[in-house]
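A short reminder: the numbers here are calculations on the coordinates, not readings from a lab. Quick caveat: nothing in here was measured; it's all calculated off a predicted structure. Quick reminder, even Gly has a Cβ in these numbers, built from the backbone with ideal geometry, and neighbours come from all protein chains shown.
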Amino acid sequence: MAGVEIFWYDDETSLALVLEGLKLRGAQSKEVLVLKKFLGRFFQKCPGSPRVICCNYRVINTCFNCLYDCSYCFLRGYLNAFGIVQFINIADLMEEVENFFRTSSSDMVYRVGTGEFTDSLMFDRETGIGQELIRRASLYSHIMMELKTKSSNVDHLLEIPRKGNAVLSWSLASQRNIERYERDTANLNERLAAIRRASEAGFITSFHFDPVIIYEGWKEDYSALIDTLFETVNREKVAWISMGGFRYAPGFKEVLKNVEPDTDMMLEEMFPGIDGKFRYFKPVRIDMYKFLLDRIRKYTSKPFIYLCMESDDVWHQVMGKNFATSADLEIDFSEAMKRFLKTLA
Ligand code: SF4
């Protein structure tokens, strides 16, 4: 195929040499696809962030790195990673994941997903991983399998006969933020069209307003986005919506300055929080979350709405909930999902 070169490698040393050679020839990380066996754990609890309330999401590692190029992506901080590493020992992955499905308590509803270190659907038509995960998860009523994306690549999944509690999920932002900070992803109209197709095919959906990057006029844009979203999607089948303000770990600002010296993403003042990450000033975040929450609640009370990596104090002020630990949120979430799934039965 024109423009494509294929290299074989025997072990980590020869792979490192191939990658070094490609770097020297000026290849970019996202232009290089590495197919390799993954020898670590495929399945784990989301590491979250220390001393903030997290939802104890379960993460499946299918791939490391991403075809898309979001300015705020935390993967940019992994300076040693080069190439998009697609894991190929999928049978091992499925065995580990299914072991969790089989042995986890059916008194809880677990949310499980693949979109932590990559985009769930960017290669999914080619790998078939999403379809196989949905098929396996559909045998377990206490598992909600989420595939999260900034793409519009859903058509290969629409005809799956047994969807179980599979959730197709989108990260959403205003078109202005997509253009500036989410390069190579589907634009807002393409995402909304894909949401409509998924919804019409009967999928449960969920949405993530995360990270919200604020600017002059963001409220108008996000209001319009929420209006259009709820005109598009089947509101009865939206399981959850998350909200998270833009945040970054120490050191990320320097990484970003190197790759995007002219970015305007950091213009707002950011302050270190209890987990060391930098966020907008707390009153700004509280106002932001309340604004989005009110706007969403105008349309529906059904989805579980939650904050990503926020303190118990912000949780209390925005949602009126008192969670002392992440386990409290996990249980509350699970109970809400039991009620949600009953309404679909
Ligand atoms: S889609 Fe997600 S994983 Fe991919 S670049 Fe954007 S933030 Fe990173």
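Each Cα pair under 8 Å and six or more residues apart adds its separation to the average, and for region 34-344 the resulting relative contact order is 20 percent.
Simple point charges give the picture: +1 on the Cβ of Lys and Arg, -1 on the Cβ of Asp and Glu, and for region 1-71 a dipole about the Cα centre of about 500 debye.
Mean residue ellipticity, 222 nm, helices only, the chain: the sum of -39500 (n - 2.57) across DSSP H runs of n ≥ 4, divided by residue count and rounded to 500, is -11000 deg cm²/dmol. Sparsely packed loop sites in region 222-310 (the GluC sites (Glu not before Pro) outside DSSP H, G, I, E and B with at most 10 other Cβ atoms within 10 Å) comprise Glu269. Checking the cross-link pairs Lys23/Lys45; Lys237/Lys290; Lys30/Lys257; Lys163/Lys338; Lys150/Lys257; Lys219/Lys302 against a 27 Å limit on the alpha carbon distance flags Lys23/Lys45 as lying beyond it. Protection proxy ranking for 54-66, 217-229, using the average of other Cβ atoms within 10 Å per residue and placing the highest first: 54-66, 217-229. Distance between the modelled labels on Phe291 and Gln44, one decimal in nanometres: 3.6 nm (7 Å Cα→Cβ projection). Annotation for region 1-37: trypsin sites (Lys or Arg not before Pro) lying in DSSP loop with at most 16 further Cβ atoms inside 10 Å of their Cβ are Arg25, Lys37.
Taking GluC sites (Glu not before Pro) across region 152-188, the ones in a DSSP loop with at most 10 further Cβ atoms lying within 10 angstrom of their Cβ are Glu159. With a simple spin-label model that places each label point 7 Å from the Cα along the Cα-to-Cβ direction, the separation between Ala16 and Asn80 comes to 0.9 nm.
With a simple spin-label model that places each label point 7 Å from the Cα along the Cα-to-Cβ direction, the separation between Val259 and Ala201 comes to 3.0 nm. From the residues Leu121, Tyr110, Thr13, which one has its Cα farthest along the dipole of region 1-137 in the positive direction, the dipole being from +1 and -1 charges on Cβ of Lys/Arg and Asp/Glu about the Cα centre? Going by the charge dipole, the pick is Tyr110.
The charge dipole of region 34-344, taken about its Cα centre with unit charges on the Cβ atoms of Lys, Arg (+1), Asp and Glu (-1) only, comes to about 660 debye.
Shape class for region 34-344: rounded, because the ratio a/c of the largest to smallest gyration tensor axis (alpha-carbon atoms, square roots of eigenvalues) is under 1.5. Amide hydrogen proximity for Leu307: with H placed 1.01 Å from N in the peptide plane, the residues at 5 or more positions away or on another chain lying under 5 Å are Met243. Note: relative contact order over region 200-269, using C-alpha pairs below 8 Å and six or more positions apart, is 48 percent.
Estimate the FRET efficiency between Thr228 and Leu35 by the formula 1/(1 + (r/R0)^6), using the beta-carbon distance for r and 51 Å for R0, to the nearest 0.05. The partial results should precede the final answer.
Working: r = 39 Å, r/R0 = 0.76.
Once rounded, the FRET efficiency stands at 0.85.
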